[in-house]
Structures are given as structure tokens and as C-alpha cells.
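These notes are about the structure you will find just below.
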Amino acid sequence: MDNNIDFKDLWKKQTVSQPNIEDLLARLKQFKKAGVCTLWITNILLFATCAFIIFVWYTYQPEFISTKIGIVLTILAMVIYLFFYNQLVSTYKNIVTAQTNQEYLQKLILIKKKQQFMQSKMLSLYFLLLGVGICFYLYEYTSRMATLWGVFTYGVTLLWMGFNWFYIRPKQIKKQQSKLNDLIAKFEEVNNQLES
């Protein structure tokens, strides 16, 4: 029995699955469409929430200044977040089909940097302003409750915000980063194959 196996020859004969560029462009188009759709949904929901908060403020005329400060902080949190979040729209729109693979890769890396900024600094500021705003807002109404119910109201509210911050937010960030990192890796692979 011959134990002399030529590994180099076997390696050269091995078939390597090349990424299909049409499939990759279809995935990029789907990523772009999903990103723009998410931007629209976020805008609609946060604007509707701001409108509802203003309606409640106008309709029920809060007496305490803390309630008014809470409403302003809550709306400010949403407006600031939307201002920075909407800057992603131009980046998504700049992804056009007539670009080179290198340009696609640069756009995806730019989106990744902007998403990381949004997911770290802007989301932290959003949650901070929102949390403080809600706490100020609740003060007027919880001060009229029995102490036990006031503590319960604050406890449930802060527990819900903590659940969003420590559980839902990291899962969403991981999901977004995974999709984007996968696309970037595929485009890097295609670029490396074209250069070699």
C-alpha cells in the first residue's frame, strides 16, 4: 500500500465555493430595503408617541413643573435620537447598483460605524433622558397614590426599562451586527478573490 499522498496536489484539486455576486447583491438589496423600512417604522412610531405625549399634556394640563419637565425630557430624547438615526437614510440611499465591490464594502463599513455610534452613545443618551423624563412625569401622579402603590409604579416602570436595556437592546444590537458583519465578510471575500 502506497502511503505517499501528495497533499498539495489534492489541495489544488479541491473545489472552493465562490460567492455568487448576484446572490450577494440581492442580499445587499434586501439589507438596504430592511434598513430603510426600519428607519421609516422608527420615525413613524416615535413621532406618533411624541404626538400622543403632547396630546396628553394639552388635554390633562399637569399641575407640577416636574411633570412638564418630564414630558419635555421624554420628547427631547425621541427628537435627538431621531435626528441622529435619520442620518443613516442618506447612507442607505447611497448604496446603488452601479458601484464597485470596493465601494459597496466602504458603504457597509460606514453603516457599521454609524450603527455602532447609534447603539452605544445615542441609545445610552436616549435611555437616560427617557428614564429621567418618565420618572419626573410619574412623580405628580404617584404622589397622589398610597406609598406602596407609588413604589410599585416606579418599580414596574424601572424594571421594564431595565429589561429593555439589559435584555432586548443587546439582542437587537447582536442581530443587527451579525447581518452587517456577514455582508461585509462576503464583500471582503469577493474583493480578495478579484485582487488575487
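The values are calculated or read from the model by the stated rules, or taken from the named source; none is laboratory data. For clarity, every value in this text was computed on a predicted model and none was experimentally measured. Don't worry about glycine lacking a Cβ; one is built from the backbone with ideal geometry, like all the others, and counts go over all protein chains shown. Each accessible area value is taken on the protein alone, full model and side chains, heavy atoms only, with ligands, DNA and RNA left out. Shrake-Rupley method; radii C 1.70, N 1.55, O 1.52, S 1.80 Å.
For the stretch 52-71, which residues satisfy the criterion of being open to solvent by less than 100 Å² (accessible area, probe 1.4 Å), under 33 Å from the mean Cα position of the chain (by Cα) and hydrophobic (A, V, I, L, M, F, W, C)?
Correct list: Ile53, Ile54, Val56, Trp57, Ile69, Ile71.
Does Thr91 meet the test of being buried (at least 17 other Cβ atoms within 10 Å of the Cβ), β-branched (Val, Ile, Thr) and free of Cβ contacts under 8 Å to residues at least 40 places away in the same chain? Spell out the reasoning first.
Values: buried (at least 17 other Cβ atoms within 10 Å of the Cβ): yes; β-branched (Val, Ile, Thr): yes; free of Cβ contacts under 8 Å to residues at least 40 places away in the same chain: yes.
For Thr91, the condition - buried (at least 17 other Cβ atoms within 10 Å of the Cβ), β-branched (Val, Ile, Thr) and free of Cβ contacts under 8 Å to residues at least 40 places away in the same chain - is met.
If you scan the stretch 49-72, which residues turn out to be among the charged types (D, E, K, R) and assigned to a helix (DSSP H, G or I)? Step through it out loud before you land on a result.
Narrowing the stretch 49-72 to residues among the charged types (D, E, K, R): 63, 68.
The one that is among the charged types (D, E, K, R) and assigned to a helix (DSSP H, G or I): Lys68.
Being under 13 Å from the mean Cα position of the chain (by Cα), open to solvent by 50 Å² or more (accessible area, probe 1.4 Å) and among the small types (Gly, Ala, Ser) is the requirement here; does Ser178 meet it? Outline the logic, then answer.
Working: under 13 Å from the mean Cα position of the chain (by Cα): yes; open to solvent by 50 Å² or more (accessible area, probe 1.4 Å): yes; among the small types (Gly, Ala, Ser): yes.
So Ser178 fits the description; yes.
I need the helices (runs of 4 or more DSSP H) fully contained in the stretch 95-165, keeping only those with at least 1 residues that are small (Gly, Ala, Ser).
Numbers: elements: 101-117, 123-142, 147-163.
In the stretch 95-165, 123-142, 147-163 are the helices (runs of 4 or more DSSP H) which contain 1 or more residues that are small (Gly, Ala, Ser).
Given the conditions (1) out of contact with any Leu (no Cβ under 6 Å at 6 or more places or on another chain); (2) over 21 Å from Lys179 (Cβ atoms); (3) open to solvent by 40 Å² or more (accessible area, probe 1.4 Å); (4) modelled with pLDDT of 90 or more, and given that Thr100 satisfies all but one, which numbered condition is not satisfied?
Here Thr100 clears every test but (4).
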